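Enquirer: Below is the structure I would like to discuss, written out as structure tokens.
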Amino acid sequence: MFLLAVLYIAFIGLGLPDSIFGTVWPAIYKEWNLPISLGSFIITIVYCGTMVSSLMSAKVIKRFGTGNVIAFSMALTTVSILAFSYSKNFLMLCLCAIPLGLGAGSIDTALNNYVSINYEAHHINFLHSFYGVGVVVSPYIFSSVLKKEGGWRKGYLIMCIILAVITTILFTTLFLWKKKESKLTEEDIEDLPIKKIVKIKGVLTLLVLFVGSCAIEVSCSSYGSTYLVETKNIADETAASIIIFYYLSFALGRFITGLIAHKLGSKKIVFLGELILGAGILFIIFSKSLILAGLGLSLIGFGNDPLFPNFSFITPIIYGETSSPSIIGMEMAISSLTFMIIPILCGLLGQLIGMIVFPFYISIFYILLISFTFIVNKQLFVPNGI
């Protein structure tokens, strides 16, 4: 039970760094007189690091154990955040982004794999809602210090202190992980190469589910506000206020899913989530009012949010505990690649055609998502009780 509390803290730590850069970048590029577009380079470096560490996670977990990987990765993230606060130029920011990405990928894979193996479905949904707490907390902290002395650097220092406390907790509770891991030793874990992973029956179709869900998530978070501004003729501030409900629906979706997961199971939750997600997209396509469009985005967030953790949860059930670290690492890598590429494509289409294309763009990924959900259930054995 105490280890479960540690896991909740770890998931908050996982979410804290994810929303920092988008919050502070306007202050950084204005202070240093940099082009706005350079921020994408930092984000790309982070995601590249995340992909690399995700793909190496099975090997690292096999060598050092889950608890050690999570603790040291959190320490690496903490050092990276500290380095950001002392950065003097853009090159230093790029260098700081490398360990940030490497740490994030390892933590993400190790935590998702560990929880999927050792706990029930409602726990992974509750834990992911605490990840959302971390994502929400960071902007509040930085918004309170950006206009004060020290500005964004002070914000990074505060975040470093919080992460350092979480890192200390993780290191001082390592003995708890060892007790829990006794039924599956590090030697049992299979370190599968990418070529072998993609040849496993159903893995590629399972990966498409992550692409579909993540593509919709990142498209809405990146361009949902722009779509409202361009098509509904509203002010930036109004659109930003509406998007807040999209993010809140995320946290609410995972919390409610955690409450009902033990009754419905992951399989039914996925189908229910996809139905709500589809309804949200239809609201946006056919909405003629701002209220309906905002409701549509909220439904998308609410329906899409439970998909990612439940896709992760069924992985060790389908493929076994020894293979799941390699496969979940691949899932995290594909998710990072999706988060990196999809917003670029959406932005290019919006520039060429107009943001009216936005709901149809996410509809493509929704069709992909529901189609491959049926394929996965037909191709793989996913018990109804799961």
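Here, each number is a calculation from the coordinates, and none is a lab measurement. Keep in mind that this is a model prediction, so the values were computed, not measured. FYI the Cβ positions are ideal-geometry reconstructions off the backbone, even for glycines, and counts take in every protein chain you see.
Enquirer: Would you be so kind as to identify all helices of the chain, as entire DSSP H runs, whose Cα atoms reach 27 Å or more along the helix's own axis and whose mean Kyte-Doolittle hydropathy is at least 0.5? Provide the component values of the computation, followed by the final result.
Expert: Details: long enough: 39-64 (35 Å, 1.12); 66-85 (29 Å, 1.48); 90-118 (42 Å, 1.21); 121-145 (38 Å, 0.91); 151-172 (32 Å, 1.53); 203-232 (40 Å, 1.12); 236-264 (41 Å, 0.98); 266-286 (30 Å, 1.85); 324-352 (41 Å, 1.50); 358-379 (31 Å, 1.40).
For the chain, where a helix must reach 27 Å along its axis and average at least 0.5, the hits are 39-64, 66-85, 90-118, 121-145, 151-172, 203-232, 236-264, 266-286, 324-352, 358-379.
Enquirer: With r as the distance between the Cβ atoms of TYR29 and ILE367 and R0 = 35 Å, compute the FRET efficiency 1/(1 + (r/R0)^6) and round to 0.05.
Expert: On the way: r = 37 Å, r/R0 = 1.07.
Computed FRET efficiency for ILE367 and TYR29: 0.40.
Enquirer: Mind scanning LYS196/LYS378; LYS196/LYS267; LYS232/LYS268 and naming the pairs with a C-alpha gap bigger than 30 Å?
Expert: LYS232/LYS268
Enquirer: Arrange HIS123, HIS128 by Cβ neighbour counts within 10 Å, fewest through most, would you?
Expert: Details: HIS123 20, HIS128 29.
Final ranking by Cβ density, sparse to dense: HIS123, HIS128.
Enquirer: While we're looking at this one, here's another question. Size of the dipole of region 196-379 about the Cα centre, Lys and Arg at +1 and Asp and Glu at -1 on the beta carbon, nothing else charged, in debye to 20?
Expert: That gives a dipole near 620 debye.
Enquirer: Considering only PHE41, VAL133, ILE81, whose Cα is most displaced toward the positive end of the charge dipole of region 2-189, charges sitting on Cβ of Lys, Arg (+1) and Asp, Glu (-1)?
Expert: The one lying farthest along the dipole's positive direction is ILE81.
Enquirer: Lysine pairs in region 2-189 with Cα distance under 30 Å, only those 8 or more apart or on different chains: how many are there?
Expert: Lysine pair count for region 2-189: 15.
Enquirer: Relative contact order for the chain: what percent, with Cα pairs under 8 Å and sequence separation of 6 or more?
Expert: In percent, rounded to a whole number, it is 26.
Enquirer: Could you calculate the contour length gain from TYR86 to PHE64, that is, 0.36 nm times the residue separation minus the distance between their Cα atoms, to one decimal place in nm?
Expert: Values: separation 22, 0.36 × 22 = 7.92 nm, distance 3.09 nm.
Here the answer is 4.8 nm.
Enquirer: Pull out a ≥ b ≥ c, the square roots of the eigenvalues of the alpha-carbon gyration tensor of region 243-305, then state rounded if a/c is under 1.5, prolate if not and a/b is larger than b/c, and oblate in the remaining case.
Expert: oblate
Enquirer: Assuming R0 = 25 Å, what is the FRET efficiency of GLN351 and ALA235, from their Cβ-Cβ distance, to the nearest 0.05?
Expert: Working: r = 21 Å, r/R0 = 0.85.
Here the calculated transfer efficiency is 0.75.
Enquirer: Could you work out [θ]222 nm for the chain from helices alone, using -39500 (n - 2.57) per DSSP H run of at least four and dividing by all its residues? Round to the nearest 500 deg cm²/dmol.
Expert: So the helix-based figure for the chain works out to -28500 deg cm²/dmol.
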